[in-house]
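Can you read through this structure? Questions will come right after.
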Amino acid sequence: MFTRGIVFFCLVGVTPGLFAQQMENFEVLWNVQSFHGDTEAFGIALAGGDLNGDGYVDLVIGSSTHYVGNYNGAAYIFWGPEYSSLTIIHNPTQVNSYFGQSLDIGDFNGDNFADLLIGDASFSPDTYPWPPYSGRVYLYYGGPQFDTIPDMIFGPIPYAVAFGQKVANIGDVNGDGFQDIGIGSPLWPGYPIRGKVYIYFGGPALDTIPDVQLVGFPDEQNFGLEIGGGEDVNGDGYDDVLVASDGPGWPPQGRIFVFFGGNPMDSLWDFTVASRWGRFMGVDGGVVALKNFTHWGYADVAAAAHGVVDTGVVFRGEERIKPNPVAKLLEEQQTAIEEFGYDLAASRCLNFSALSASNRYFNNRAGAVYFYVGGPSFDTLYDALFTGSNQVARYRGNKISRVGSIDADQIDELLVANLVSYDPYYLPAYVWLIQYTGTLVEESPNPPSLPLRVSVYPTVAKDFVNVVFTGIKQGPVGIIVYDATGRRIYTARKEVMSHEGQLTWHLVDKWGHRVPDGIYFLQVLSNRRKVAMERVMVIKKQGGEP
């Protein structure tokens, strides 16, 4: 039996006169004020996606100190398209914990419905050997009859502490076509504190046993405090995982890591850099991946570092990432107490990505969110600004998150929270849904400077081989497969309408029969021009041939 949970029909929307404020190329579409007992942490986590499959984006707001007799946390779901009906998911197992302090959305079981992840890093088991605050993560499968009963529970895990302080949809890191889950345990293993990230491969057989475990250096502190990803940084066809830690020593400077995806994915980091631009790089504002931000075909890596002049730094994605940033974003009206880059969010903006960066202390603690649109002509001047008066709502931008496009214009909307848990004036907490309204020019999908790259994976194959290409001109793209004697055994062709695409060879010949084990050569053609030749080895499937 399915239940819709606790449903309220409430009049929520933009309050007249609330926004006597500066708005540059942003429009407020909707807002909601914190409920009784929820002022302290309403908006500590934000997410958006179509949970019930009705074609509309739903909004999820975490409140880790939601109070029902005890502080036990909750997540609020506002159902699109009107956001006037509400479901509350309460902590299913324990009081006096912080259920709802982390959220994310993705289709993790492959049923074409968005699923909801909710973390509770302070969950404390009652029995030895589980330490206090081991933590748990709850997964709620989406569907037409979305209910408030968790379908899977991750954790507790031996030696994991604060498991679930960060949860993330990290994209498809192993190339099987399903979105995967990343869960941070920044206090692992208790003492000394190092931190760990657990990865769970998505799919119909999703289980609660971690498939990959990531760690940093032996002297790491709070590794996994922030997790990002969901994009391909090095252009090999796999999504990559971004992790931030405090790094060694005190005060913490911050360090970020990039782990390249693969099949199989390993647990060795492929890029790391410690901050030279300020403190807490990546661990306060997070670390995000930005597809087509400063150039085409790769995802850049962005993080923020708080210093005397707070800085957002962008590292250019490529096959071998360099430790020097290609862009530095600075707040234009700096004072000593400002915190530009306190939170970051990546979003889609037509063919490019956009980066949002907040400053909760802007304009005497009114707070602000800056919006930077990427592209081949990217500059460090903001394209939109959301701020306001501190007399009504303070600390805008404590949390920001992309929620997808609610009007199908391929430009993601943003959720912004002010999260006033430490506000001595006890002003209400708000969450705003804002839309970018600035002018955009949809760039050609084939800019002249677009580099041509072809990658083939896996190179040792049991079931299939993918050919991923970026920088291809519009027109026909094909592959020709040769055996070790040079005999052509298979061809495939497709018409490409954008700068990137993929072809798959299912290890069959031109008659549809599986090819024998051995060495094969794949030739890639673009507009009948030979552009690449790659070698692969075919080995027998486990359990015998199909």
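Taking the stated definitions as given, is residue 342 part of a strand (DSSP E or B) and open to solvent by 40 Å² or more (accessible area, probe 1.4 Å)?
yes
Please go through the stretch 83-96 and give me each residue that is surrounded by fewer than 23 Cβ atoms within 10 Å (Cβ to Cβ) and either assigned to a strand (DSSP E or B) or at pLDDT below 95 (or both), ordered by number. Give the steps one after another, and end with the answer.
To start, the set of residues in the stretch 83-96 that are surrounded by fewer than 23 Cβ atoms within 10 Å (Cβ to Cβ) comprises 83-88, 90, 92-96.
Residues satisfying the conditions are 84, 85, 86, 87, 88, 90, 92, 93, 94, 95, 96.
So in the stretch 180-192, with the set limited to residues that are in contact with a strand residue (DSSP E or B) (Cβ under 9 Å, 6 or more places away or on another chain) and modelled with pLDDT under 95, which one is surrounded by the fewest Cβ atoms within 10 Å (Cβ to Cβ)?
Only one residue fits best here, namely 189.
Pairs only if they're at least six apart or on different chains, beta carbon under 6 angstrom, first in the stretch 357-378 and over 18 Å from residue 317 (Cα atoms) and free of Cβ contacts under 8 Å to residues at least 40 places away in the same chain, second surrounded by 23 or more Cβ atoms within 10 Å (Cβ to Cβ) and basic (Lys, Arg); list them, first residue then second.
365/394
Quick check on my filter: what residues within the stretch 203-215 are in contact with a Phe, Trp or Tyr (Cβ under 9 Å, 6 or more places away or on another chain) and over 24 Å from residue 256 (Cβ atoms)?
203, 204, 206, 207, 208, 209
Given the condition of a type in the set (Ser, Thr, Tyr), at pLDDT below 95 and closer than 14 Å to residue 174 by Cα, answer yes or no: does some residue in the stretch 200-213 qualify?
Keep residues of the stretch 200-213 that are of a type in the set (Ser, Thr, Tyr), which gives 200, 208.
Next, from what is left, pick out any that are at pLDDT below 95: none.
Looking for residues that are of a type in the set (Ser, Thr, Tyr), at pLDDT below 95 and closer than 14 Å to residue 174 by Cα, one finds none in the stretch 200-213, hence no.
Filter the stretch 135-165 down to the residues that are within 22 Å of the chain's Cα centre (by Cα), surrounded by 20 or more Cβ atoms within 10 Å (Cβ to Cβ) and in a loop (DSSP other than H, G, I, E, B) and list them by number.
Result: 135, 141, 142, 155, 162, 163, 164, 165.
Can you tell me which condition residue 226 does not meet? The list is (1) surrounded by fewer than 17 Cβ atoms within 10 Å (Cβ to Cβ); (2) among the charged types (D, E, K, R); (3) modelled with pLDDT of 95 or more, and all the others hold.
Condition not satisfied by residue 226: (1).
Filter the strands (runs of 3 or more DSSP E) completely within the stretch 1-64 down to those with at least 1 residues that are loosely packed, with under 14 Cβ neighbours inside 10 Å, of a type in the set (Ser, Thr, Tyr) and modelled with pLDDT of 65 or more.
Those strands (runs of 3 or more DSSP E) do not exist here; none qualify.
Looking only at the stretch 405-444, count how many residues are buried (at least 21 other Cβ atoms within 10 Å of the Cβ), at pLDDT 85 or above and not aromatic (Phe, Trp, Tyr).
Of the residues in that region, 12 qualify.
Only one of (1) at positive phi; (2) in contact with a strand residue (DSSP E or B) (Cβ under 6 Å, 6 or more places away or on another chain); (3) at pLDDT below 90 fails for residue 365. Which number is that?
Here residue 365 clears every test but (2).
The values are calculated or read from the model by the stated rules, or taken from the named source; none is laboratory data. Quick caveat: nothing in here was measured; it's all calculated off a predicted structure. For neighbour counting, all protein chains shown are included, and Cβ atoms are generated from backbone atoms with ideal geometry for every residue, glycine included. SASA here: full protein model, heavy atoms, side chains in, ligands and nucleic acids out. Shrake-Rupley method; radii C 1.70, N 1.55, O 1.52, S 1.80 Å.
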